[in-house]
Amino acid sequence: MSYDLNDAQPQMAPIGELIPDGTFAKVRLTIRPGGVNGATPADAGLLKASQSSDARMLDCEFTVVDGPHARRKFWQSFTVAGGKLDEKGQSIGWKISKSTFRAIADSALGLDPRDESPAAKAKRILPGLRHLEGIVFAARIMVEPASNPQYRDQNRIANVVLPDEPHHAAIMRGETVPPEPVNAPPRKAASAAAPGWQAPAPAWGSAQPSPAAPNWGAAPQPSAAPAPAWGTQNAPAAPPAPQAPAPAAPGTPAMPAWLNG
């Protein structure tokens, strides 16, 4: 008996290795419930409480759908209530998160961000944040350096890629788009050094690894997408689609029901 290793799959990336800074990818959002009620009945037990303030957050897991970083995950929380307030007493964190959520919906649905028609506005109305579960959109991923050297750098959403941007269609089709780095490469872990001096960095330490570039369903079609049912009435469960959705590309995760009209 012998073992033929020629048809083995390439080894997986090391656990904890970051997605290169500036990578464009199609990602899927999954919510990790934290047991705290949101503002709507649909969001009962959905949010997570901050350990340092009165902020309530949506704890999100992002999974790369396809490309060289397929199945890689990273995590990010978005404030939806509380925290620091502006001069009008409104949550600053929520205003930032709300802009991100609108961009995610526009990216996933193929909506022009400048489209303020009644049909487009209806598609941007969510009966609850829970309805973001499973949404797939185009994103640019960054490496966020840790503020404390005791912690690791982390991947974050640098920006959502919108339908009026040149890379959007290619990303949603699963094509490879050259990365556009946001920050410097991840910092190396601080080396232990004796007090009073710091070991010089070796020459090879400055070599920078080359970043690898990487639909909710099928490619978005902004002009044809009907307004989803949740745009007119709050419903915790998505109603059946009035018409068959566009066929999804092979291997693409199913979109939330409300995206299909």
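Just so you know, all these numbers are worked out from the coordinates, no wet-lab data involved. What you see is a predicted model, and the numbers here were worked out from it, not measured in a lab. Positions of Cβ are backbone-derived with ideal geometry, glycine not excepted, and every protein chain shown enters the neighbour counts.
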Neighbourhood charge, 12 Å Cβ-Cβ cut-off, centred on Thr79 and excluding it, Lys, Arg +1 and Asp, Glu -1: +3
Partners for Lys123 among lysines (Cα-Cα distance below 18 Å; same-chain residues under 8 apart left out): Lys98
In Hz, Karplus ³J(HN,Hα) per residue of the stretch 91-108 (6.51, -1.76, 1.60; θ = phi - 60°; x = Gly, Pro): 5, 5, x, 5, 4, 5, 5, 4, 5, 5, 5, 5, 4, 4, 5, 4, 5, 6
Charge context of Glu165, other residues only, Cβ under 12 angstrom, K/R +1, D/E -1: -3
Cα-based equivalent ellipsoid, the stretch 106-167: semi-axes from gyration tensor eigenvalues, Å: 30, 15, 9
Burial order of peptide ranges 156-163, 144-151, 30-37 (average beta-carbon count within 10 Å, highest first): 156-163, 30-37, 144-151
Lysines whose Cα lies under 19 Å from that of Lys26, excluding same-chain neighbours fewer than 8 positions away: Lys73
Cβ-placed point charges (K, R +1; D, E -1), dipole of the stretch 6-99 about Cα centre in debye, nearest 20: 200 debye
Gyration tensor over alpha-carbon atoms, the stretch 47-126, equivalent ellipsoid semi-axes in Å: 25, 22, 9
Gyration tensor verdict on the stretch 1-137 (Cα atoms; rounded if a/c is under 1.5, prolate if a/b is larger than b/c, oblate otherwise): prolate
